[in-house]
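*Asks:* My questions will all concern the structure given below.
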Amino acid sequence: MSESVENVPQWLRTTGGWSWRLVAVVAAVALVVYATTQVQVVFVAVFLALVLTSVFRPLADFYARALPRVLATLFALLSGVVVFGGLMAYVVASVAGQWSRLAGEFDSGVEQILDSLQNLPFGLSVTGEQLNEWIDAGQQWLADNAEDLAGQAAERAGSVVEGLMVFALAIFCTVFFVHSGDRMWRWFLRQVPARQRRRWHDAAGAGWYSFSGFARGTVIIAFIDGVLAFVLLQILGVPLAAPLAVLVLIGAFIPIIGAPLAMVIAAVVALAAQGFVTALIVTLGIAAIGQLEGHVLQPLIMGKQVSLHPVVVAVAVLSGTVLAGILGAVVAVPLVAVVWTVFSTLRGDPPVPLPADADEGSPDPPEPGGRAEVADPGEDGVTADPVGPRQPPPPA
């Protein structure tokens with residue numbers, strides 16, 4: 001037996017060792033993905049709660065300087081409701097005031113598009129008979145698939161109820177994360193063996209620093225994108241500028257594919273309402289906003305909190321889209337950023353600096369290197385730091 005082992009080349013033994021480790025990692029990741037898909041509603045709710053917590057916790061900490069923690073949490077959440085509700089009310093009012101105007105301009109715009117299709121160069125023109133055939137084929141398809149479409153509508157009704165459940169659970173979790181997330185984390189640390197608490201503490205702190213930076217930065221950047229798009233559409237006189245700007249704002253939350261989709265929709269509306277020149281200006285303007293976001297806003301607002309190569313971002317978004325559609329595209333980048341940050345921190349080479357603030361406004365541990373407020377008695381009855389013994393600083 002020993003002779004047979006010695007006859008195996010070293011490169012083959014090394015490759016075999018890495019192979020079974022890789023298989024184990026892939027199996028673990030597949031198991032996590034499968035378990036997540038089985039409780040997708042809960043996962044989405046908790047993810048949304050963490051995003052909201054990253055936004056509202058700093059505001060609650062600010063209010064807590066002059067108010068009790070309960071009132072600070074309440075006022076922070078109410079501030080979000082006022083801002084979001086005011087935005088939605090403005091969008092609804094804009095749609096109601098400009099809908100009739102847009103309908104008339106859209107009809108004339110469609111006629112212009114049809115006329116343009118009949119006079120294309122290089123023999124690519126589409127005749128009126130072909131357009132009528134396509135319209136008839138579309139109507140026939142709707143008639144043949146009416147039952148299936150009705151069934152899908154019924155499924156969407158169930159999805160609405162499910163969405164309300166997700167939203168309710170997310171708000172419920174957000175309230176507790178904002179109010180007492182630090183105490184929840186210290187309770188969790190006490191369930192970890194004492195010698196491992198420092199590593200968990202540092203890794204979780206770095207992971208939350210990356211996630212909260214991404215979430216808050218995305219919200220701020222999306223708001224700026226929406227404001228700039230609204231100003232551009234207002235200057236050009238494009239109808240429904242407010243809802244189109246909100247669409248651009250929402251598109252900022254979907255990496256790579258969100259902004260282009262919003263740009264195409266805004267350009268189509270501009271084409272129908274104002275003509276080709278305005279549509280071209282809208283396309284170039286929103287593309288310029290995207291460049292401003294990628295080269296100025298993201299480095300300025302997020303800094304190095306999310307340090308992922310563009311290739312990694314593209315692969316993560318595509319993989320998330322394949323696994324879970326638009327939802328996967330939204331959560332892929334922050335999840336990959338957190339996993340990479342935690343892994344690097346556990347390896348001893350954190351890719352991002354740990355926050356200087358003790359709590360960073362999150363349901364995560366206090367400042368790495370600080371002592372937790374609740375002590376935990378050790379085996380000999382001596383009170384110990386819940387995150388483990390303090391390590392001496394590395395030599396300069």
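The values are calculated or read from the model by the stated rules, or taken from the named source; none is laboratory data. All values derive from a computational prediction rather than experimental measurement. Neighbour counts run over all protein chains shown; Cβ positions are idealised from the backbone, glycine included.
*Asks:* Any residue in the stretch 29-45 that is in contact (Cβ under 8 Å) with a residue 40 or more places away in the chain sitting within a Cβ distance under 6 Å of a residue that is of a type in the set (Gly, Ala, Ser) and surrounded by 10 or more Cβ atoms within 10 Å (Cβ to Cβ)? List the pairs, counting only those 6 or more apart or interchain.
*Replies:* Ala45/Ala170
*Asks:* Identify the residue in the stretch 228-282 that is touching a helix residue (DSSP H, G or I) at 6+ places or on another chain (Cβ under 6 Å) and polar (S, T, N, Q) and, among all such residues, is modelled with the highest pLDDT.
*Replies:* Among them, the one singled out is Gln234.
Here's the yes/no breakdown for (1) among the polar types (S, T, N, Q); (2) under 30 Å from Gly325 (Cα atoms):
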site	(1), (2)
Trp11	no, no
Ala30	no, yes
Gln38	yes, yes
Val44	no, yes
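*Asks:* Which residues, taken from the stretch 33-64, are surrounded by fewer than 13 Cβ atoms within 10 Å (Cβ to Cβ) and under 22 Å from Tyr209 (Cα atoms)?
*Replies:* none
*Asks:* Just to verify a result, which residue in the stretch 14-69, among those that are over 17 Å from Val339 (Cα atoms) and polar (S, T, N, Q), is modelled with the lowest pLDDT?
*Replies:* Thr37
*Asks:* Here's something else I'd like to know. Suppose the filter is over 30 Å from Gly275 (Cβ atoms), at pLDDT below 85 and among the aliphatic types (A, V, I, L, M); does Ala203 pass it? Talk me through it step by step, then tell me what you get.
*Replies:* Details: over 30 Å from Gly275 (Cβ atoms): yes; at pLDDT below 85: no; among the aliphatic types (A, V, I, L, M): yes.
For Ala203, the condition - over 30 Å from Gly275 (Cβ atoms), at pLDDT below 85 and among the aliphatic types (A, V, I, L, M) - is not met.
*Asks:* Suppose the filter is modelled with pLDDT of 90 or more, within 29 Å of Gly328 (Cα to Cα) and of a type in the set (S, T, N, Q); does Thr73 pass it?
*Replies:* Details: modelled with pLDDT of 90 or more: yes; within 29 Å of Gly328 (Cα to Cα): no; of a type in the set (S, T, N, Q): yes.
Criteria not met by Thr73.
*Asks:* Just to be sure before I move on: is Phe84 among the aromatic types (Phe, Trp, Tyr) and at pLDDT 90 or above in the structure I sent?
*Replies:* Details: among the aromatic types (Phe, Trp, Tyr): yes; at pLDDT 90 or above: no.
It is false that Phe84 is among the aromatic types (Phe, Trp, Tyr) and at pLDDT 90 or above.
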